[in-house]
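First the structure, in the form of structure tokens, and then the observations on it.
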Amino acid sequence: MKKKGLPIGIFDSGVGGLTVFKEVITLLPHEDIIYLGDTARVPYGTRSPQTIIRYSQENTRFLLHQGVKILVVACNTSSAVSLPSLKKENEIPVIGVIEPGARRASEVTQNKRIGVIGTEGTVKSRAYERAIQMIDQKIAIISRACPLFVPLAEEGWMDNEVTRLTAQSYLSPLCEEKIDTLVLGCTHYPLLETVIREVMGDEVCLVNSGKETAKEVQRVLNEQGIATPGKRDGSYKFYVTDNAKRFIKVGERFLGRRLGAVNEVT
Ligand code: DGL
């Protein structure tokens with residue numbers, strides 16, 4: 001089969017990557033997609049780099065076996081630590097969420113002070129710092145792990161008092177640092193955008209790495225001549241490594257649309 005006709009492969013540690021999936025299907029509605037959520041081993045954010053790399057390699061192998069033309073690592077934590085090895089080990093294009101988010105943040109900052117929020121793993125890896133400073137060494141980056149945002153989003157507490165207090169406590173130090181740009185460096189954080197915006201104020205530009213990643217996928221597909229011609233709607237297949245029921249429940253809330261069948265794989 002010609003590469004053009006093959007699906008895009010997306011993986012994440014679980015359900016959060018659906019925020020990236022959503023941006024990809026909005027921008028590229030004709031593409032078929034296979035999504036893998038590693039729900040049996042989520043969260044990745046608190047694990048060691050070696051473990052995250054091994055999980056990411058296994059996820060990649062699964063998607064390659066399905067026959068995909070491009071691989072999107074929707075998980076920030078996985079992108080932060082495993083992208084170099086995944087790129088080296090595989091022949092198809094591999095796109096992570098860090099570089100696109102970093103590029104956008106570097107473009108929009110005026111005062112060269114950027115905040116980055118993510119999981120412990122993403123923050124510890126300093127991957128966003130490296131990516132931003134590759135573009136402009138003069139940019140100061142202030143990072144902060146916000147681990148409680150993940151369960152809050154999955155609980156559906158997008159906009160309530162507990163979430164507001166949590167956001168205040170995590171984000172007030174970033175406000176004091178006078179950043180003018182904040183990278184939402186975790187799959188779940190765009191879902192909490194209202195509360196994050198409330199705390200940060202309207203002056204701070206929020207960068208959604210998932211949105212930027214979708215643009216990068218579009219660019220690479222076009223550049224390599226492997227985009228699906230725009231005639232029909234794309235079809236989607238979802239796989240998880242555990243508890244398809246919960247993935248459907250939380251995922252449909254994240255996406256605001258029905259997911260259809262979700263298959264469990266080991
Ligand atoms: N998907 C992860 C990320 O974007 C968040 C959830 C996890 O810790 O696995 O970093």
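Quick look at the numbers
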item: Selection from the stretch 171-186 of residues that are of a type in the set (S, T, N, Q) and closer than 25 Å to GLY96 by Cβ; result: THR181
item: Failed item, numbered, when GLN137 is tested on (1) outside any helix (DSSP H, G or I); (2) under 24 Å from VAL72 (Cβ atoms); (3) of a type in the set (S, T, N, Q); result: (2)
item: Residue match in the stretch 214-227 (condition: surrounded by 15 or more Cβ atoms within 10 Å (Cβ to Cβ) and either at pLDDT below 95 or touching a His at 6+ places or on another chain (Cβ under 6 Å) (or both)); result: no
item: Residues of the stretch 237-254 that turn out to be open to solvent by less than 40 Å² (accessible area, probe 1.4 Å) and of a type outside the set (Ser, Thr, Tyr), as a count; result: 7
item: Which listed residue is open to solvent by 10 Å² or more (accessible area, probe 1.4 Å) and under 18 Å from the mean Cα position of the chain (by Cα), from LEU64, LEU83; result: LEU83
item: Residue within the stretch 237-251 that is part of a helix (DSSP H, G or I), in contact with a Lys or Arg (Cβ under 9 Å, 6 or more places away or on another chain) and of a type in the set (Ser, Thr, Tyr) present; result: no
item: Among residues of the stretch 34-55, those that are touching a residue at least 40 places away in the same chain (Cβ under 8 Å) and within 11 Å of the ligand (Cβ to nearest atom), counted; result: 11
item: Matching residues in the stretch 87-130 - criterion: being part of a strand (DSSP E or B) and among the basic types (Lys, Arg); result: ARG113
item: Among (1) out of contact with any strand residue (DSSP E or B) (no Cβ under 7 Å at 6 or more places or on another chain); (2) within 14 Å of the ligand (Cβ to nearest atom), the one test that GLY67 misses; result: (2)
item: Residue tally, condition open to solvent by 10 Å² or more (accessible area, probe 1.4 Å), assigned to a helix (DSSP H, G or I) and in contact (Cβ under 8 Å) with a residue 60 or more places away in the chain, over the stretch 140-196; result: 4
item: Top-ranked residue of the stretch 4-28 - restricted to ones that are open to solvent by 50 Å² or more (accessible area, probe 1.4 Å) and either out of contact with any Phe, Trp or Tyr (no Cβ under 9 Å at 6 or more places or on another chain) or without any contact (Cβ under 8 Å) to a residue 12 or more places away in the chain (or both), ranked as farthest from the ligand (Cβ to nearest atom); result: LYS4
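The values are calculated or read from the model by the stated rules, or taken from the named source; none is laboratory data. Computed from a predicted structure; not experimentally measured. Neighbour counts are summed over all protein chains in view; Cβ atoms, including those assigned to glycine, are modelled from backbone coordinates with ideal geometry. Note: accessible area is taken over every heavy atom of the protein model, side chains too, but ligands, DNA and RNA are not part of it. Shrake-Rupley method; radii C 1.70, N 1.55, O 1.52, S 1.80 Å.
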